[in-house]
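Here the structure is laid out as structure tokens; the discussion comes afterwards.
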Amino acid sequence: MSILPSLIRNELEKTWRSRWIVFAVLFGLFLLIAAGLYAYFVHLEHRWTPPAAVAWQSQLRDEIAANQQNVAGLEQVKQQTQQNGGTVRVGREELTIDQAIAQANQAIANDRYLIDHNIAPVQSFAIAQASLFALGGIIMFLLTRIFGWLASEQIAGERSDRTITILLSRPPSRNQVLFAKAFASFLISLVVVLVTLLIVYAMFSFWYGSPGSLTDQAGVAIDGAKPLGPGNLLQMPIYLFVLMCIGAAMLGVLCVQGMSLLISVLTGRWAAIGIVLALLFGAPLVSTVIAGILFLISGSQDSSHFLNYIFFNVLAPVGSVAPTFGNSTAAAGSGINEFTVEVETLAVWTLGFFFAAWLLFRRKQEAG
Amino acid sequence: MSAVVEVERLSKSFGRVRALSEVSFGVDEGEVLGFLGPNGAGKTTTIRILLGLLHGDGGTAKIGGHDCWTDHVRASRFFGATLEQPGFYGFLSGRDNLRQFARMLGPVDEKQITALLDLVGMTERADDKVKRYSMGMRQRLALAQALLGKPRLLVLDEPTNGLDPNGIHGLRILLRKLATEQGLTIFFSSHLLSEVEELCDRVVVLHRGEVKASGPLSELMNVKGYRYRIDVSDVDKALEIVRAVDGARAEPGTIKGSISVTADDDIARQINYALVSAGVGVDQLVRTEKGLEDIYIQLTGVPVASPLSTPVPSVPAQ
């Protein structure tokens, strides 16, 4: 076992020395985006300093006031028209006036429940927003592709460089070599993800006017398509929510790395990179096209919901835990329940990839 | 003397191509063994099996008494190895490459790395990136890599590839020193018969996956036979005539205007008569001592000057 730290160190050194430019470009890109957003903020708000922080209770009270106004307006419309058959559009839904009033009243009751029980909607926290944005959106989409590329070179690169012969003829076993490579890849990606999260957190802290609390209780919708309130609420400390997001995001990364390692075991460098990137970029496109076709046929977005449980759609399960912005309800296929199913699916894929990579690598013959 | 390498009835096929067919040989401790054979004979396949990169379909390959595939971890502690066209991390310096490989053996001994770089004459370029190294420099670095961790057995696959004459001379001196002063066992595959002849105690000749001969050089050299160098006026015509003589095998000579003839019996007069009768001028007919090259040709049927003239079994990419 004592040789493992040395092997991991070797892998870290090789990745850093050969690919430091990738990390430098990534870091530079994030700083550039942060600077651009800051410039936009200054232009929009005519101020250099962050805005004053607003308590989440105040936001909910504003929301209650807005809903009360909404109810009053709807009641007025109902009395003027003297009929119940009229409809109004709320979001994407077409509701009768009575249904719309009931929905607004329910929203008021939900918000009051949260205030009375001191449970903040998870989106109220700068760190939660940063986690959802950095670990569940476009950033994670791109990062997983980069991690996939780097992992695809782990064994295939050694084969192309002809160093695989030294690597496999030396005393460390193939299991140790594979573990060291997988662990080093994971370690590097964890550092990149955490640094990214910190940069995004700094941006959201500025936007919110405060870094916010890390220990308060947060409420997450069990079913994201329904409003957050009693009966549709999972309560947890905010730090636990962040850890949950980091864990799920890293599981997605691990899954991509498992797939990349598996391909890396079988081919040379350029083939491995090509296959991995083609799969990681191509499959979501195919998935989107299939979802579009199913929607056209059935007219319902739920008809393509099963696609959420296919490998490529569950790479970033954090994206499903809650809507990224605002405290509104999300589309079907979001919330803690969806998140849990996606994480379970991802775990199965991850185990499968690593098991296959291990099986093949320990028996793989290197004929040169 | 105990055997460090034991290969027993080792067979290996790649699809339909039979690369090794019941190959058996051994290497004793402290011995320098030359492993000879034309391209495609199965030398590199054998070495890859010994290094644990491939496993045989049948038979056994052991180093230090440990099976090279099933007990690779223990077997690999005995040897250091270089393969044909050695690979390194081009983005690292030679010294950093050695550090990388040294870490796979245990704690890095900086003094040993410096000493090895000095031993192979790479001290001045040790901190340059390997991607700027010539093939010869890579070969020397590969030797240093193989010597990391003070192995008891050195497995070298075509170590003179890419080396200039000075480099080859230096390598020969170094290997001899390692064998005599440190008692290192060396298993050495090469096309350069002169190197093998000067360096090795014993040779194994492999051809088309089979061992054609094996034994001490002195014994192999005593194989009955004759060799002639004949300077003639017309090489093509002379080859045609001599090949028709019973028991004679003729090839173009290494010197312009000459042919090289080997035969089991002394047939000098017969050859001379045939050439002169056919109108081919004979300037000189010299009987030379039979060397390893002749034995190699006799056993494999492949002239050393054109090793590619024998069909090379294609090995499918893995």
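Dividing the mean sequence gap of close Cα pairs (under 8 Å, 6+ apart) by how many residues the range A:56-116 holds gives a relative contact order of 44 percent. In this structure the amide hydrogen of B:SER233, modeled in the peptide plane, comes within under 5 Å of the amide hydrogens of B:GLY281, B:ASP283, none closer than 5 places in sequence on its chain. Our estimate of slack between A:VAL54 and A:ARG112, defined as 0.36 nm per intervening residue step minus the Cα-Cα distance, is 19.1 nm. With a cut-off of 20 Å on the backbone N, the residues of the range B:73-112 near the modelled label site 7 Å out from A:VAL22 along Cα-Cβ are B:88-93. For the range B:236-242, backbone phi angles converted through the Karplus equation (6.51, -1.76, 1.60; θ = phi - 60°) give residue-by-residue couplings of 4, 5, 5, 4, 4, 5, 5 Hz, Gly and Pro being listed as x. Model label points for A:VAL191 and A:TYR239, set 7 angstrom from Cα along the Cα-to-Cβ axis, are 2.5 nm apart.
Gain in length, A:GLN217 to A:ASN337, computed as 0.36 nm per residue apart minus the alpha-carbon separation, to one decimal in nm?
Numbers: separation 120, 0.36 × 120 = 43.20 nm, distance 1.91 nm.
Full extension of this stretch gives 41.3 nm more.
At full extension, A:LEU351 and A:GLU93 could sit 88.8 nm farther apart than now, given 0.36 nm per residue minus the alpha carbon distance.
Rounded to the nearest 0.05, what FRET efficiency do B:LYS131 and B:ASP266 give with R0 = 41 Å and r taken as the Cβ-Cβ distance? Could you check? Result of the calculation: an efficiency of 0.15.
Placing unit charges on the Cβ atoms of the charged side chains and taking the dipole of the range B:3-221 about its Cα centre, the candidate lying farthest along the positive direction among B:MET122, B:PHE14, B:GLY136 is B:PHE14.
Note on chain A: helix-only mean residue ellipticity at 222 nm, from DSSP H runs of 4+ residues weighted -39500 (n - 2.57) and normalised by residue number, equals -24500 deg cm²/dmol.
By the count of other C-beta atoms within 10 Å, a proxy for reagent exposure, B:LEU148, B:LEU36, A:LEU279 are ordered fewest to most as A:LEU279, B:LEU148, B:LEU36. Residue exposure proxy: A:ILE101, B:ILE173, B:ILE259, ordered by other Cβ atoms within 10 angstrom of their Cβ from fewest to most, comes out as B:ILE173, A:ILE101, B:ILE259. Distant-in-sequence amide contacts of A:THR96, defined by a placed amide H-H separation under 5 Å and a gap of 5 or more residues or a different chain, comprise A:VAL88. The relative contact order of chain B, computed from alpha carbon pairs under 8 Å that lie at least 6 residues apart in sequence, is 20 percent. Prolate is the label for the protein assembly as shown, because the ratio a/c of its alpha-carbon gyration tensor axes (a ≥ b ≥ c) is 1.5 or higher and a/b is greater than b/c. Over chain A, Cα pairs under 8 Å with separation of 6+ residues give a relative contact order of 22 percent. Exposure proxy check: B:CYS68, A:CYS245 ranked by fewest other beta carbons within 10 Å? Fewest to most other Cβ atoms nearby, the residues stand as A:CYS245, B:CYS68. Helices meeting the span-like rule in chain A (full DSSP H runs, Cα extent of at least 20 Å along the helix axis, mean Kyte-Doolittle score of 0.0 or higher): A:3-45, A:138-161, A:174-208, A:238-266, A:269-298, A:336-363.
Taking 7 Å steps out from each Cα toward its Cβ at B:VAL282 and A:ALA271 produces label points 5.8 nm apart. With a ≥ b ≥ c the root eigenvalues of the C-alpha gyration tensor of the range B:239-289, is it rounded (a/c under 1.5), prolate (a/b larger than b/c) or oblate? Rounded. A helix-only calculation puts chain B at -9500 deg cm²/dmol for mean residue ellipticity at 222 nm, using -39500 (n - 2.57) for each DSSP H run of at least four residues, averaged over all residues. 3J(HN,Hα) along the range B:81-97, derived from phi through the Karplus expression 6.51 cos²θ - 1.76 cosθ + 1.60 where θ = phi - 60°, amounts to 9, 10, 9, 3, 6, x, x, 9, 7, x, 7, 10, 6, x, 5, 5, 4 Hz, with x in place of Gly and Pro.
Where the convex hull is taken over the Cα atoms of chain B, what is its projected area averaged over directions, in nm²?
Hull-based average projected area comes out at 18.1 nm².
Here each label is just a point 7 Å from Cα along the line to Cβ, and for B:HIS55 and A:ALA34 those points are 5.1 nm apart.
So which chymotrypsin sites (Phe, Trp or Tyr not before Pro) in the range A:119-163 end up in coil per DSSP with only 10 or fewer other C-beta atoms within 10 Å? Present the calculation step by step, with values, prior to reporting the outcome.
On the way: sites: A:PHE125, A:PHE133, A:PHE141, A:PHE147, A:TRP149; in loops: A:PHE125.
Passing sites in the range A:119-163 do not exist.
Amide H contacts of B:VAL203 (H built 1.01 Å from N, in plane; Pro and chain starts excluded): B:GLY34, B:GLY215, B:LEU217 sit under 5 Å, all sequence-distant by 5 or more or on other chains.
No value in this document is a laboratory result; all are computed from the given coordinates. Predicted model, so just to flag it, every value in this text is computed and none were measured. Quick reminder, even Gly has a Cβ in these numbers, built from the backbone with ideal geometry, and neighbours come from all protein chains shown.
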